[in-house]
Ligand code: F6R
């Protein structure tokens, strides 16, 4: 969600902060801002809109400082404008914040009664004002941060800069925040994502919740000090010293990251089997093969949940395990019955999704074993789970998830087969390679999908339908279309149409029906029902199927020959391309669709 970056040291701090913000911009992009110390003053520049607007402003100002903090915002409280942008600052202090202060209204009233003035509509300014009030009284910044943080309810991460000196402070509760140091230069850093610090730091610290971090580049050895909320020294942090390379993230020949990421899928699929069946990794699947659980609780959000629904199908097909799956935001508040011999399974690209993390915590509290299927090594989910199955998708920049979904599904397939001890290396490699080739063929037909997009993009309503393992694909297809093309789209189990949604069908409604050999006749009759009501029918089905071709207004034929479990991956890629081309025709901001953020770190 919001990106936080801070730096303090002996040389320029503005460049690493702005570079870090640029790397995090895909996570939140309503507005951006930077604060820095200059001649014992705090200077603050903020701009609504993309980071480029702030960059343009700084071009003229040419700020110079060795201590700076910055932020890219995804608005929770208050409109998107310059004033509500972070940092929030006064003549003594400046803060950036990610998260939600749940008791902000009550605290605001109290602070107003104490004579504090508010310039913005944000909950973040409540923290600044309460901190300032405490600091005015105690003159002890460290203690004031602790006292202020104790009064704040909800999950948040803060980074604090002060006018008097070069010290940076950070603290968090259930929101991502790391500290970093460069051991050569002694420069110190804070960020909401280690990715922002790659290349700047040699050591990353992962503090636990409610640990106050004090970063002081002048300290002889320990540049970061950690404190508990009672002021005592804390040991609740982990260190990562592994050299991390910055993934080269450029769009290459593609117009958008999303399209590039769609096209990366054939290679990533091939790479996945190489990784999982390499000598060093085989052991993980063998270890999983020895595990057995009567019940699996699967929680995730959005696209990751749709991948989870397919994984549920695999688990039910191959194992005797019963599987309960839910939106993470629902699961956590439903009082699920959790037993210590069961498994918590969490799917996530970022590994930082607040609701998914909360479900994992709930399962851990109830002593369940926790597995993740995750993209980001070192993320909070990764650190908190007992077993992590990495999806090896590489960094995903397009806000609309594409390649991560595919890799999640395929890793879930490996997991289900490993549990069932039905993991034949030869068969899996055979099917995944075949899938990869078929995706390549499909990508070569992109022009056809583009032409269909041109025919339908002006319609206002889209209903995606599928049955069985294709039902999650209908959900995912609809989600992708609405998030990047801003049109109304819904995914339904095809058999549910006549229980209500069919009343929406008329000559303006587009039904995108996924009709594969599995449950063919049933799904076909649902499509007939749409046709009978003059709906516009786009069928994604098996190539060469004349029946489907004749009944549909538009037909996209796919070669399923030799594929078994992986058919939904192939049908989904058609829908990824279709959404992309509809969005392109509509002229939306495909990689950074309005109102969205890549990593949802608030509830
Ligand atoms: C949609 C999309 C979101 C994410 C969801 C979970 O394209 O990307 O629905 O799938 O916010 O995010 P992760 O996977 O990071 O937990």
* Once you have the Kirkwood Rh of region 445-590 from its Cα pairs, apply Stokes-Einstein at 37 °C and 0.692 mPa s and quote D in µm²/s. => 222
* Asked: Quick one: what do you get for region 3-240 if you divide its Cα Rg by 2.2 N^0.38 Å?
  -> 0.92
* Asked: Taking neighbour Cβ counts within 10 Å as the exposure measure, how do 263, 324 sort from fewest upward?
  -> 324, 263
* Structure fact -> Mean Cβ-within-10 Å packing, highest first, puts peptides 53-62, 69-78 in the order 69-78, 53-62
* Return, for the Cα atoms of region 251-444, the radius of gyration and Dmax in Å, separated by a comma. => 16.2, 51
* **region 125-220 - convex hull of the alpha-carbon atoms, volume per residue in Å³** => 103
* Asked: For region 279-386, what value does the Rg/Rh ratio take when both radii are computed over Cα atoms and Rh is the Kirkwood radius, given to two decimals?
  -> 0.94
* Structure fact -> Helix 265-276: inclination vs the chain longest Cα principal axis, degrees, rounded to 10, gives 80
* To do: Can you tell me the FRET efficiency between residue 52 and residue 460 if r is taken as the Cβ-Cβ distance and R0 is 22 Å, rounded to the nearest 0.05?
  => 0.10
* Jot down the radius of gyration and Dmax of region 422-499, Cα atoms only, both in angstrom. => 16.2, 47
* Bridge type composition, the chain - antiparallel percent by DSSP, nearest 5 -> 60
* **Helix 302-318 vs. the chain, principal-axis angle (Cα, 0 to 90°, nearest 10)** => 50
* Asked: Any idea what the relative contact order of the chain is, in percent, if you count C-alpha pairs under 8 Å spaced at least 6 apart?
  -> 12
* Structure fact -> Expressed as a whole-number percentage, the relative contact order of region 3-240 with C-alpha contacts under 8 angstrom and at least six residues apart is 20
* Structure fact -> Given 10-21, 101-112, the highest-first ranking by average Cβ count within 10 Å works out to 10-21, 101-112
* **Alpha carbon centroid spacing (whole Å) that separates region 342-414 from region 54-91** => 32
* Ranked highest first by the average count of other Cβ atoms within 10 Å around their residues, in what order do 255-261, 172-178, 574-580 fall? -> 574-580, 172-178, 255-261
* Structure fact -> Ranked from fewest to most other Cβ atoms within 10 Å of their own Cβ, 116, 1 fall in the order 116, 1
* Asked: What is the distance in Å between the Cα centres of region 465-482 and region 528-603?
  -> 8
* Asked: Roughly how large, in nm² to one decimal, is the mean projection of the convex hull of the alpha-carbon atoms in the chain?
  -> 27.9
* Asked: Taking the inverse of the average 1/r across all pairs of different Cα atoms in region 476-540, what Kirkwood radius in Å do you get?
  -> 12.2
* Cα long-axis angle, helix 446-456 against the chain (0 to 90 degrees, to the nearest 10) -> 90
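Every number in this text was worked out from the coordinates using simple rules, so none of it is lab data. Only a predicted model underlies this, so the values are computations on that prediction, with no experimental measurement involved. So basically every Cβ, Gly included, is an ideal-geometry build from the backbone, and we count neighbours across all protein chains shown.
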